[in-house]
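In what follows, a structure is listed as structure tokens, so that the remarks can point back to it.
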Amino acid sequence: MLKITFPAAVGIVALSSSLAFAATDNSTNMVGEVSSWNVAAHRLTLADGTNVYLPATYTAPDAFKRGQQVKISFWKNGDTYYAKSVTMPDQEN
């Protein structure tokens, strides 16, 4: 399984216990299908319209492919999701 992990900025963040528009398996993980990956904006958009932002230091242009399944560990600030890690189960070793 390929896993991309990011150093997380530590802060006080209120996490939602449920998400109406993204499949979740708990309050800090979501699974979905990649719709697009915007390298310049560091934004991963899922098929359901959820936008997840990756750290500015992450710039791999070919990291995510449309239709690829991903599991994202995240933290949330307001309505904005920030990835802590992204796992791509279909890329198992």
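The values are calculated or read from the model by the stated rules, or taken from the named source; none is laboratory data. Here the structure is a predicted model, which is why all the values come from computation and not from measurement. Positions of Cβ are backbone-derived with ideal geometry, glycine not excepted, and every protein chain shown enters the neighbour counts.
Within segment 43-69, the set of residues being touching a Phe, Trp or Tyr at 6+ places or on another chain (Cβ under 7 Å) and β-branched (Val, Ile, Thr) comprises 50, 52. Return yes or no: is residue 22 modelled with pLDDT under 55 and either surrounded by fewer than 16 Cβ atoms within 10 Å (Cβ to Cβ) or among the hydroxyl-bearing types (Ser, Thr, Tyr) (or both)? Taking the combined requirement at face value, the residue does not satisfy it.
Filtered by the rule that a residue be assigned to a strand (DSSP E or B), small (Gly, Ala, Ser) and either touching a Leu at 6+ places or on another chain (Cβ under 6 Å) or surrounded by 17 or more Cβ atoms within 10 Å (Cβ to Cβ) (or both), segment 52-93 gives 73, 83. Give the residues of segment 38-51 that are outside any loop (DSSP other than H, G, I, E, B) and free of Cβ contacts under 8 Å to residues at least 40 places away in the same chain, sorted by residue number. Once the filter is applied, which keeps residues that are outside any loop (DSSP other than H, G, I, E, B) and free of Cβ contacts under 8 Å to residues at least 40 places away in the same chain, segment 38-51 yields 38, 43, 45, 46, 51. Residue count for segment 39-51 under the criterion of being surrounded by fewer than 14 Cβ atoms within 10 Å (Cβ to Cβ) and either closer than 13 Å to residue 29 by Cα or of a type in the set (S, T, N, Q) (or both): the result is 0.
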